[in-house]
Amino acid sequence: MNPEQRRILTSIGVTLRDFPESIELAYTAPKLTMTLTQYAAGFSNPINMQDTRACFEAWCLIIKAKTSNPGLEIELDVKNITEADYDGKLPENGHLGRFLYRILKFSEQYKLWFKLSPILDNLKDKFKTYLDSHTFVTSAPDDEASDNLDDLKNNLESYIEYVFWDSYRAQRDILKLDRGAIVGRQLPVSLFDVTKSKKTRVFTFGKSAVDFWALDGDTINVYELKVNNPMVGIITEIFFYSNYVHDVFISKSLDHGKGCVKPEDGTYRSYDKIKGDQVKGIMLSNRRDDDKGWHPSLDELTRRKITDIMNTNGTAGIIQYIFLKYNFKMSITVTP
């Protein structure tokens, strides 16, 4: 963090040690302006949305949770873009598509305090019109997730994901799922315009997937799993995944407009069983003996406040979020 960022954050009562220098800040009461680089937003040389430099949702929520100014408004901008940088058609790459979808959803659900710059607001409106006037299809899994334990143990996160999928004890004691819950792994979160191809992708595809999910009664639980990897980007990931699952499997439309999403038929990984009335986005991180399991910016009080803010989202409880901790001994600690 540079001195100017620290000065601005301190002026609104926020203490952070590791706010990314590439995100510019400006403050004129009551508005804090947060400006991303073009690559953080997907306009040029895109980076992943969970990257510290790109996860604007996480930083906005952290700042709102920590500020001593309850009336603080946050405006998002992207450096050196114009209205011509998005023409209202299929986004140039999947990272840009996800960014436009994220600013659309975040600005709708947290409009009391989150704003977009005039240019971003214009691009968001173009994207909304695009979504409302097209038909989209998803990508169903074309095989089962790997159950080769020798391979899985080479990737600790994949192995822990497998444990949660395979172990009823873990599902009962840690995830607090009912015995009849259906649990699936690696849910694709891709989107294509009319037909599925590389040229029609709206979002990133391939390995882009929810770590695992559970149908527990009428609620679709969506899990973002971290293993020895505390990061603020977990918030951005769960926000995107939860809204995607809601729009694809519950509302069946994007932004409730004229556009329609058709989940592709498929039975692998229980894809055809995903349905419900609510989505619960669960940020799942392990607690080790030598740390608290969360990024330093996500202390317990901040997590409580973020949960309250995230769940006041205008969806009438249809989309809700929680933080959940676990350890390798399979004991359970649930923290708001």
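The values are calculated or read from the model by the stated rules, or taken from the named source; none is laboratory data. This is a predicted model, so every value here is computed, not measured. Every residue, glycine as well, gets a Cβ built from its backbone with ideal geometry; the counts of neighbours run over all protein chains shown.
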*Can we say D150 is more than 28 Å from P296 (Cα to Cα), out of contact with any strand residue (DSSP E or B) (no Cβ under 6 Å at 6 or more places or on another chain), surrounded by fewer than 16 Cβ atoms within 10 Å (Cβ to Cβ) and in contact (Cβ under 8 Å) with a residue 24 or more places away in the chain?*
no
*Name the one entry in S242, S270, S190 that is buried (at least 16 other Cβ atoms within 10 Å of the Cβ) and part of a loop (DSSP other than H, G, I, E, B).*
S190
*Would region 141-154 turn up any residue that is part of a loop (DSSP other than H, G, I, E, B), outside the structural domain of K31 (by TED's automatic domain parsing) and touching a Pro at 6+ places or on another chain (Cβ under 9 Å)?*
yes
*Please work out which residue is modelled with the highest pLDDT, limiting yourself to region 108-145 and to residues that are among the small types (G, A, S) and under 24 Å from the mean Cα position of the chain (by Cα).*
S117
*For region 256-265, state whether one or more residues are within 24 Å of M283 (Cα to Cα), in contact with a Phe, Trp or Tyr (Cβ under 8 Å, 6 or more places away or on another chain) and modelled with pLDDT under 95.*
no
*Where in region 1-120 are there strands (runs of 3 or more DSSP E), lying fully within it, with 3 or more residues that are not basic (K, R)?*
24-28, 31-36, 73-78
*Could you check, for region 85-96, whether at least one of its residues is out of contact with any Ser or Thr (no Cβ under 7 Å at 6 or more places or on another chain) and farther than 30 Å from K199 by Cβ?*
no
*Please state which one of Q5, Q50 is farther than 15 Å from T302 by Cα, polar (S, T, N, Q), more than 24 Å from the chain's Cα centre (by Cα) and surrounded by fewer than 22 Cβ atoms within 10 Å (Cβ to Cβ).*
Q5
_Given (1) of a type outside the set (A, V, I, L, M, F, W, C); (2) more than 20 Å from V248 (Cα to Cα); (3) in contact with a helix residue (DSSP H, G or I) (Cβ under 9 Å, 6 or more places away or on another chain); (4) part of a helix (DSSP H, G or I), number of the condition R172 does not satisfy_ = (3)
